[in-house]
Amino acid sequence: MKNIIHNTLTVQTGVRIGSEEYCLYWQDEKGNNSKFICSVYGLDNAVRVARGIAHDQVEFVKLPVFDSKEV
């Protein structure tokens, strides 16, 4: 079994564009080997949750460059 190090927490827009749903994932430094954490409603809430979970646990937090309402 491969030893995978998840050093990144990524926030991605949900499946339905414009739905205000954001999904949080653990990932490795290349963005591979994603493991779903949870879904959050609203970009501001997703950023707060991601930063709270990431504190002292991961090296990087990747956030979307736009709000799903803007699409």
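The values are calculated or read from the model by the stated rules, or taken from the named source; none is laboratory data. Nothing here was measured: the structure is a model prediction, and the numbers come from that model. Reconstructed Cβ throughout: ideal geometry from the backbone, glycine too, with neighbour counts over all protein chains shown.
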Restricted to the stretch 17-47 and to residues being touching a Cys at 6+ places or on another chain (Cβ under 9 Å) and not hydroxyl-bearing (S, T, Y), the residue surrounded by the fewest Cβ atoms within 10 Å (Cβ to Cβ) is F36
- Inspect the stretch 28-40 for any residue being part of a helix (DSSP H, G or I) and modelled with pLDDT under 90 and give the result as yes or no. no
Residue pairs qualifying under the 8 Å Cβ cut-off, at least six apart or on distinct chains, with the first in the stretch 57-71 being part of a loop (DSSP other than H, G, I, E, B) and of a type outside the set (G, A, S) and the second being at pLDDT below 90 and surrounded by fewer than 14 Cβ atoms within 10 Å (Cβ to Cβ), are E59/E29; V71/I17; V71/G18
Residue hits (the stretch 4-27; assigned to a loop (DSSP other than H, G, I, E, B), in contact with a helix residue (DSSP H, G or I) (Cβ under 7 Å, 6 or more places away or on another chain) and within 18 Å of A50 (Cα to Cα)) are E20
Over the stretch 41-71, the set of residues polar (S, T, N, Q) and modelled with pLDDT of 90 or more is N45
